[in-house]
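Enquirer: Please see the structure below; I have some questions.
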2 protein chains.
Amino acid sequence: MTQTTTLTITALQERVEAIFLKGGLNAVQAGAISRVIVAGERDACKSHGIYRIEGALRTVKAGKVNPDAVPELLPQENSAIVKVNAKGGFANPAFELGLPVLADRARSCGLAALVINDCTHFSALWPEVEGVTDQGLAALVMCPSYSTVAPAGGNKPLLGTNPFAFGWPRTGNPPYVFDFATSVAARGEIELHRRAGKQLPEGWAIDAEGNPTTDPDAALAGAMLPFGSHKGSAIGTMIELLAGIMIGDLTSPEVLDYLGTTTLAPFHGELIIAFSPEAFAAGRPGNPFARAEVLFEAIVGQGARLPSQRRFVARRKSETEGVTLTAAEIEQLDRLLALGLDAVA
Amino acid sequence: MTQTTTLTITALQERVEAIFLKGGLNAVQAGAISRVIVAGERDACKSHGIYRIEGALRTVKAGKVNPDAVPELLPQENSAIVKVNAKGGFANPAFELGLPVLADRARSCGLAALVINDCTHFSALWPEVEGVTDQGLAALVMCPSYSTVAPAGGNKPLLGTNPFAFGWPRTGNPPYVFDFATSVAARGEIELHRRAGKQLPEGWAIDAEGNPTTDPDAALAGAMLPFGSHKGSAIGTMIELLAGIMIGDLTSPEVLDYLGTTTLAPFHGELIIAFSPEAFAAGRPGNPFARAEVLFEAIVGQGARLPSQRRFVARRKSETEGVTLTAAEIEQLDRLLALGLDAVA
């Protein structure tokens, strides 16, 4: 029998926050980053849960993120753009600072954009998406990553896995949310195949010579492929343009140049666009939220699933029953709390 | 030897416009729709060229588009939303009316959205994208279609082929533009396979029972599949939400209910989002347009292609040498001009 420990979400939040404080993060950084990590663990999204603490601390230790950063809201009068400078810290406190202003602007202008600059991005995008949908607004969120993906027809890493995420608010239900890499697979999935000694499915990657490969080592030395061939490649390129270049922040090749590795969390910017369905639908027939439910029912009614449902089921369970961690996970949390940055290479 | 006729772009524009005037369209409708059809022909994008005239006239004859419509710009004070009601006419004159206002708002607000309601959409989206990039702005454009695509995991048509298009302005070069269906293939490609008696590639479609099929007839009676599996399905759903429901216009299932057929041009709305790279990048290092060129060079430098290049090559040729049509095409233009709506079923 494996021993496990069940913690309430609040207790887990306190424990993770204490680790980051011990690791030298200030309160605003530690609080915000803990919230997204605990949200990942709560949603049984293990790849973005407490497993990520170590990578965050490693990035701090490497001097690639400012643990003392206090994000700054930059005034933009009469604009639908809200800019927050993360001051070299994590993206998450910058998002928390900008969100209420973004929501206000989206309600008054109909749509608005939150630009986060000079941040280390370090989580899935769905926490940002859900922050916006919690305000009754629709959200489109994207950011670059580091060069690991070849453009369609190319043979070398250039684009990032560039996540693309969207959300639509629902009353009485968790939002409609998707959040996916614009590569066929996430880099972590290739790493998992490597560790398990398994070949990759065809179409995931090319080797360093640009030839198709199913060997994880060759893939990691080569490049991943965009999802949906030239279509995913085009969307990945759009993300470099809008959420890198347009917002005056790094593109995926520039991030890789800056970090020199893909083992640290990437430093770049992020673009969050919020839409007010009420403002857009004003004066038109039908309630947009009620109409969206008809669409969702039609999708579910033919046996298809809405994205993120597995996360929402896990969330409901965690909220009532708490989050269960293995003995090894608890031990790791204890070790990180005791040693802080000394626990990581 | 096949006889061909070469016309200047202006001469072709006059000829197509005369056909639509003969078909009963007012000057604003005939002018705008002719411009996008001639642009398609000019760019050797035959599927959106003069071939489309007949479908447009058929939609007029079926009473599903108002040939006399004069689009109306609806006042939206202090908003980043610009609304144009197409009044039941084609989308194209509504776009032409809204574009200058959209560009002004995007420059002053940083980003803005043009909503076109109550229109028949009837062309590729790249003409709209290029209208926006011609203003030095980036563009994101989408619209629903009619239910022909099953959501990933589903077994019946629900989503449309919902095109998704983007553009980034370039100085001294045609813009970076992509414009694609969120289905694996366009419906027209399935039709072409059917006519040629060819099987479809695997993964394009399912039959009426929801089973994979490579038979074009079974596919047309069944459903097309979204590109990139659940990712393309999610983007197609997002387009229903943003460019159908949010803007208070029809979704793809509602369009099919309204028309009762997929042989007429779809009636719905359209969403065009414009971004000012200058406003977004203000105060940040680097010129966004110069930085984008570095990205494009890196893509092209590894042997990958930028989207739309084939169109731009054809455009340059047409601009200097004119547009060459076959004898059958000229004959069809003459027939349409002579008979107007009597030429179509």
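The values are calculated or read from the model by the stated rules, or taken from the named source; none is laboratory data. Nothing here was measured: the structure is a model prediction, and the numbers come from that model. Because the Cβ atoms are built from the backbone with ideal geometry, glycine has one as well, and the counts that use them run over all protein chains shown.
Enquirer: Would you confirm whether or not the range A:182-193 contains a residue that is buried (at least 23 other Cβ atoms within 10 Å of the Cβ) and out of contact with any helix residue (DSSP H, G or I) (no Cβ under 8 Å at 6 or more places or on another chain)? Walk me through it before giving the result.
Expert: Kept after step one, since they are buried (at least 23 other Cβ atoms within 10 Å of the Cβ), are these residues of the range A:182-193: A:182-184.
Now narrow it down to the ones that are out of contact with any helix residue (DSSP H, G or I) (no Cβ under 8 Å at 6 or more places or on another chain): none.
Among the residues of the range A:182-193, not one is buried (at least 23 other Cβ atoms within 10 Å of the Cβ) and out of contact with any helix residue (DSSP H, G or I) (no Cβ under 8 Å at 6 or more places or on another chain), which makes the answer no.
Enquirer: Among the residues of the range B:134-181, count how many are surrounded by fewer than 22 Cβ atoms within 10 Å (Cβ to Cβ), polar (S, T, N, Q) and either touching a Cys at 6+ places or on another chain (Cβ under 9 Å) or away from chain A (no Cβ under 11 Å) (or both).
Expert: 3
Enquirer: Still on this model: Kindly provide the set of residues from the range A:252-283 that are within 24 Å of B:ALA112 (Cα to Cα) and at the interface with another protein chain (Cβ under 7 Å from one of its Cβ atoms), ordered by number.
Expert: Selection gives A:PHE275, A:PRO277, A:ALA279, A:PHE280, A:ALA281.
Enquirer: Look through the range A:177-191, keep the residues that are touching a Gly at 6+ places or on another chain (Cβ under 8 Å) and not in a strand (DSSP E or B), and return whichever of them is farthest from B:ILE235 (Cα to Cα).
Expert: In this case the residue turns out to be A:VAL184.
Enquirer: Out of everything in the range A:1-16 that is farther than 14 Å from A:GLU41 by Cα and not β-branched (Val, Ile, Thr), what residue ends up being surrounded by the fewest Cβ atoms within 10 Å (Cβ to Cβ)?
Expert: Narrowing the range A:1-16 to residues farther than 14 Å from A:GLU41 by Cα: A:1-4.
From what's left, not β-branched (Val, Ile, Thr): A:1, A:3.
Details: A:MET1: 3, A:GLN3: 8.
Checked the range A:1-16; the qualifying residue surrounded by the fewest Cβ atoms within 10 Å (Cβ to Cβ) is A:MET1.
Every residue, every condition in (1) under 23 Å from the mean Cα position of the chain (by Cα); (2) not in a helix (DSSP H, G or I), yes or no:
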position: A:PHE289; (1), (2): no, no
position: A:ALA292; (1), (2): no, no
position: A:ILE299; (1), (2): no, no
position: A:LEU306; (1), (2): yes, yes
position: A:ARG310; (1), (2): yes, no
position: A:ALA314; (1), (2): yes, no
position: A:GLU329; (1), (2): yes, no
position: A:LEU337; (1), (2): no, no
position: A:LEU341; (1), (2): no, no
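Enquirer: What's the total number of residues in the range B:266-283 that are buried (at least 19 other Cβ atoms within 10 Å of the Cβ) and either modelled with pLDDT of 95 or more or of a type in the set (A, V, I, L, M) (or both)?
Expert: 12
Enquirer: Can I ask one more? Could you give every pair whose Cβ atoms fall below 9 Å, whose first residue belongs to the range A:146-164 and is modelled with pLDDT of 95 or more, and whose second residue is among the aromatic types (Phe, Trp, Tyr), counting only separations of at least 6 or pairs across chains?
Expert: Between residues of the range A:146-164 that are modelled with pLDDT of 95 or more and residues that are among the aromatic types (Phe, Trp, Tyr), the close pairs are A:PRO157/A:TYR146; A:GLY160/A:TYR146; A:THR161/A:TYR146; A:PRO163/A:PHE180; A:PHE164/A:PHE178; A:PHE164/A:PHE180.
Enquirer: When the residues of the range A:192-235 are filtered to those that are in a loop (DSSP other than H, G, I, E, B), among the hydrophobic types (A, V, I, L, M, F, W, C) and under 20 Å from B:PRO226 (Cβ atoms), which remaining residue is farthest from the other protein chains (Cβ to nearest Cβ)?
Expert: A:TRP204
Enquirer: Which one of the conditions (1) in contact with a strand residue (DSSP E or B) (Cβ under 7 Å, 6 or more places away or on another chain); (2) hydrophobic (A, V, I, L, M, F, W, C); (3) surrounded by fewer than 23 Cβ atoms within 10 Å (Cβ to Cβ); (4) not assigned by TED's automatic domain parsing to the domain that holds A:PRO266 does A:VAL28 fail to meet, given that it meets all the rest?
Expert: Answer for A:VAL28: the failing condition is (1).
Enquirer: Here is a follow-up. Does the range A:59-68 include one or more residues that are more than 14 Å from every other protein chain (Cβ to nearest Cβ), assigned to a helix (DSSP H, G or I), under 21 Å from the mean Cα position of the chain (by Cα) and under 14 Å from A:LEU271 (Cα atoms)?
Expert: To start, the set of residues in the range A:59-68 that are more than 14 Å from every other protein chain (Cβ to nearest Cβ) comprises A:59-68.
Subset that is assigned to a helix (DSSP H, G or I): A:59-61.
When the remaining residues are screened for being under 21 Å from the mean Cα position of the chain (by Cα), the result is A:59-60.
Those still in the list that are under 14 Å from A:LEU271 (Cα atoms) too: none.
Checking the range A:59-68: not a single residue is more than 14 Å from every other protein chain (Cβ to nearest Cβ), assigned to a helix (DSSP H, G or I), under 21 Å from the mean Cα position of the chain (by Cα) and under 14 Å from A:LEU271 (Cα atoms).
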